[in-house]
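What follows draws every value from the coordinates through simple rules; no lab data is involved. All figures in this text were calculated on a predicted structure; none of them were measured in a lab. Here the Cβ positions follow ideal geometry from the backbone for every residue, glycine too, while neighbour counts run over all protein chains shown.
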Amino acid sequence: MKLGEAIEQILVESGLSISAFSRKVGYSRQYIYELLKSKETGFNRKIQLDTLKKICDATNYSLEKLLADIDYIPKPKLDVSPNTIIVVNKGGEKAYYPLDEHNAALIDQLAKSLSKDKQK
């Protein structure tokens, strides 16, 4: 993922306008627009780690997730057993819920039902 795409994802998940986002992270709107623009130009702008940390701190986004999203660090491998539900909150933190066979079958049935509804 390019830096601009990652910043856009954080912006969307934070629910803030660009103006509010720029005030909250302490950078000008123009600078935020430049970061977002890198998504369209394909140019992956260089950015200081402390800038990414400020963005994450201001929006409660996981710095580790952001660094993995922009391929700065390797994405962590999941060590998840079968029949485990992973819930990801807005900040990127994950919670794992192992299910017994009965509950896993119910979730599978629900997912198939929802998938059929989307196809209609």
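Of note:
- The chain: relative contact order in percent, alpha carbon pairs under 8 Å with at least 6 residues between: 22
- Reported label for calculated Cα extents along the principal axes in Å given (1) 52, 35, 26; (2) 37, 36, 24; (3) 55, 30, 23: (1)
- Lys37-Glu101 pseudo-label distance in nm [points 7 Å out on the Cα-to-Cβ vector]: 6.0
- Annotation: extensible slack from Ile73 through Asp50 equals 6.7 nm (criterion: 0.36 nm per residue apart, minus Cα-Cα distance).
- Fluctuation leader among Asp50, Asp108, Asp71 - the chain, Gaussian network, Cα springs under 10 angstrom: Asp108
- The chain, dipole about Cα centre (Lys/Arg Cβ +1, Asp/Glu Cβ -1), debye to the nearest 20: 500
- Simple label model, 7 Å out from Cα along Cβ direction - Ala111 to Asn60, nm: 2.8
- Above-threshold pairs, the threshold being 18 Å between Cα atoms, out of Lys46/Lys94; Lys2/Lys65; Lys65/Lys90; Lys53/Lys90; Lys46/Lys77: Lys46/Lys94; Lys46/Lys77
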